[in-house]
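Each reported figure results from applying straightforward, stated rules to the coordinates on display, with no laboratory input. Predicted model, so just to flag it, every value in this text is computed and none were measured. We place every Cβ from the backbone using ideal geometry, glycine too, and count neighbours over all the protein chains shown.
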Amino acid sequence: MTPSKPPQRPADCGDEPISNPSKNPPFSRILNSRLKRRHVLIGGLSAAVAVLFSRPVLKSLLSDPPAKLGFNPIPVSDADTLIVPDGYRAQPLIPWGEPISGTYPVYDLDNSGEDQGMQIGQHHDGMHFFPIEGQSPDAGSSQDGLLVVNHEYIEPRFLHSAAVGQPLGAGDVPVNAAGRRDPDQVLKEMNAHGISIVRISASDNGTWSVVMDPRNRRLTAVTPMEVSGPVRGADVLKTRYSRDGTRTRGTLNNCSNGVTPWNTYLFCEENWAAYFRNGDPDPARHPREQTRYGVRTERSRYSWDQATSDDDLYRRFDVSSRGDGPEEDYRNEANGFGWVVEVNPFDPNDVPKKRTALGRFAHEGVIFQPAIPGQPVVCYSGDDARFEYIYKYVSTDPYDPATAAGDLLDRGRLYVARFNEDGTGVWLPLVFGEGTLTPENGFASQADVLVNTRTAADAVGATPMDRPEWGAVDPNSREVYFTLTNNTDRTEEQVDAANPRSRNTWGHIIRWRESGNNPTATEFEWDLFVLAGSPRNSRQPDGTPLTDSNLFAAPDGLWFDRDSRLWIQTDISEGLLNRGEYAQFGNNQMVVADPETGDIRRFLTGPIGQEITGVTMTPDQRTLFVNVQHPGSTTTADEFAAGRLTSGWPHLPAHRYPRSATVVITKLDGGVIGT
């Protein structure tokens, strides 16, 4: 086997390339204009953020709020280990390759593609702990439950024994002399994607382990799934696999997640477009439902379409037209991806359903407002790409705890956010026949609007954002927070005293409150919660710079616990970790914030070359789960060929390569995490 050519990797470590051609004003311009209108430029950055962080439209800081954070912050670290505060302990759990179902094949580098379908997938991401009783997402056992984990993408060189000794960089794939792929290697990569549902329990000494259970299962890139909602049966979903457009095969690039009020799991398809290629020389055969999302014209991300097999399982990733109808080619295969998918983890026979009413884009995750009986269900999702948008969904039918089910996500209105200069915002409906979403403007139906959600958002004038990733809803105040991880394409011409960083490398967190604190409102008020970065160009909620105890960059993961502690995880690109100005941040980390006091403290640092992502707790808040994704990804091609890996985490005996894994964190005194 010989290594492939370097993959066409877009910026930001595998994230989608810019594909937004709209002229909608970017958020950076709106923010800058807002500051100018308030006449704060004379005072420089400090005066500017004093306005933004004064919280005039959101809840005021309490005069003497109770302290939520009771641990001493830890320093930054560049060590190949996971560090938590004094008084805490951490245990790795379910690393990639851990057997959970079927014949329970033991992890080995020579495992087959079929074996991988019975083992934990690679590159853990969003997740949730479901108490084993299965009655509520936030009540029940705290020692026994189903842990459901997303697997965002893969590291092919760590998957295959054939890769050993080859000069493969991150993302490179082993190919033969003709540039083709081994089918079983491709199947193994497909089965390393998706989600894992696994029962885990705690022993008397607090150690967690996998429990054999018929509910343990893998959902992967080959698992049959249904299409539900307005796009079900649409012509653009009709394929060789599903002639009536009601089914699709598999899920891809599952990043963050969501949990419904009726206690089911949502997994979100993020950077799926790069898995496909359309090399057709005729531009007319490159429809907007491909080009607006970044489907490639040359090599796909892992060259799955280049497997030495004529099986549709592999060929479907080449969406170049081969005939005049969908039954004769694969051109619609990509349209089955980019959705939010629902599954009941307690039913091993439940067929996952792609909920198309929530829109099609690079979904990072989906978060819900606390459900109120008799009121619609409301949820939000971010499109994780530079200059993309934030969305909101409001169900048509009201929430009834006795009957609530997934069809609440099939009937409703999808909105996209426009942020105004004065700190207000508007939710713009993405509804066929309303505003600009008409046949005269190129939209044929609601299914067309949803398949082309990005194009519809362009048309109504939404605000392009700096990579909207995870969101979180404060369960007590109902305020909504979103991470804007970074946008390295901001130009020097946009720099001024109020917006002093060209190439937004550090990122920030935005928040808003719906008008009247009513989740169904079509207007909202917004401000900034924190500007990430070094002490000289960052700001905490009180307007002061971040300090050694809490400085961070590239906020990504975001989650509120029941007591309104805000957990913030970072994802500095592997190509920038510990380099230049990024060295001051060390390895990726997790900080926790108290929005009422503005206190932010560093809680965790991870090993080398990884991303901290995914966060959930047991109902008693005494066990915290987080994920360590892609440790050792900073290993260069030459280092890999020579067997010199930058990380060996979690340093398991007799295992050569680093492995993504979940980490279980508890307090030595058995107390609530964070206090």
* Asked: Is there a pair in LYS188/LYS354; LYS23/LYS392; LYS68/LYS354; LYS238/LYS392 whose C-alpha atoms are over 32 Å apart, and which pairs would that be?
  -> LYS68/LYS354
* **Extreme residue, positive dipole direction of the chain, given options ALA417, THR662, SER381 (C-beta unit charges)** => ALA417
* Would you mind getting me the FRET efficiency between ARG411 and ALA284? Use the beta-carbon distance for r and R0 = 35 Å, nearest 0.05. => 0.50
* Structure fact -> Per the rule of 0.36 nm per residue minus the C-alpha distance, extending VAL164 to SER309 adds in nm 49.8 nm
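First check a/c for the chain, with a ≥ b ≥ c the square roots of the eigenvalues of its C-alpha gyration tensor; if it is under 1.5, answer rounded, and if not, answer prolate when a/b is larger than b/c or oblate otherwise.
Judged from the Cα gyration tensor, the chain comes out rounded (a/c under 1.5).
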* Asked: What is the extension gain from ASP489 to GLU639, computed as 0.36 nm multiplied by their sequence separation minus the C-alpha to C-alpha distance, in nm to one decimal?
  -> 50.9 nm
* Structure fact -> With T = 37 °C, eta = 0.692 mPa s and Kirkwood Rh from C-alpha pairs, the Stokes-Einstein D of the stretch 296-445 in µm²/s is about 178 µm²/s
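At 0.890 mPa s and 25 °C, plugging the Kirkwood radius over alpha-carbon pairs of the stretch 61-109 into Stokes-Einstein gives what diffusion coefficient in µm²/s?
For these conditions, the coefficient is 157 µm²/s.
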* Structure fact -> Here the relative contact order (percent) of the chain, from C-alpha pairs under 8 Å and at least 6 apart, is 17 percent
* Just how far, in whole angstrom, is the stretch 426-450 from the stretch 560-603 if you go by their alpha carbon centroids? -> 39 Å
* aspartates and glutamates whose Cα lies under 15 Å from that of LYS353, excluding same-chain neighbours fewer than 8 positions away -> GLU226, GLU269, GLU342, ASP407, ASP410
* **ALA444/THR522 FRET efficiency (R0 30 Å; Cβ-Cβ; nearest 0.05)** => 0.75
* To do: Give me the Debye-computed log₁₀ of I(q)/I(0) at q = 0.08, 0.20 Å⁻¹ for the stretch 521-675, equal point scatterers on Cα only, no solvent, two decimals.
  => -0.27, -1.27
* Structure fact -> Per 5 angstrom bin, beginning at 0 and ending with the bin that holds the maximum distance, the Cα pairs of the stretch 241-358 fall in percents of 2, 11, 19, 22, 19, 13, 8, 4, 2, 0
* Do the sum for the chain: with -39,500 (n - 2.57) for every DSSP H run of n ≥ 4, divided by all residues, what is the mean residue ellipticity at 222 nm, to the nearest 500 deg cm²/dmol? -> -2500 deg cm²/dmol
* **Extension gain (nm, one decimal) between ARG503 and ALA178, 0.36 nm per residue minus Cα-Cα** => 113.0 nm
* To do: Based on the mean of other Cβ atoms within 10 Å per residue, sort peptides 559-565, 19-25 so the most packed one is first.
  => 559-565, 19-25
* Asked: From largest to smallest, what semi-axes in whole angstrom does the stretch 143-250 give when each is the square root of 5 times an eigenvalue of its alpha carbon gyration tensor?
  -> 30, 28, 10
* To do: Could you work out the relative contact order of the stretch 405-494, using alpha carbon pairs under 8 angstrom and six or more residues apart, expressed as a whole percent?
  => 19 percent
* Asked: Which whole-number percent gives the relative contact order of the stretch 566-606, counting Cα pairs below 8 Å spaced six or more residues apart?
  -> 38 percent
* Run the quick spin-label model on ARG89 and SER203: label points 7 Å from Cα toward the beta carbon, then report their separation in nm to one decimal. => 1.1 nm
* Structure fact -> Taking R0 as 35 Å and r as the Cβ-Cβ distance between GLN584 and ASP669, the FRET efficiency 1/(1 + (r/R0)^6), rounded to the nearest 0.05, comes to 0.60
* Asked: Can you give the convex hull volume per residue for the Cα atoms of the stretch 378-465, as a whole number of Å³?
  -> 112 Å³
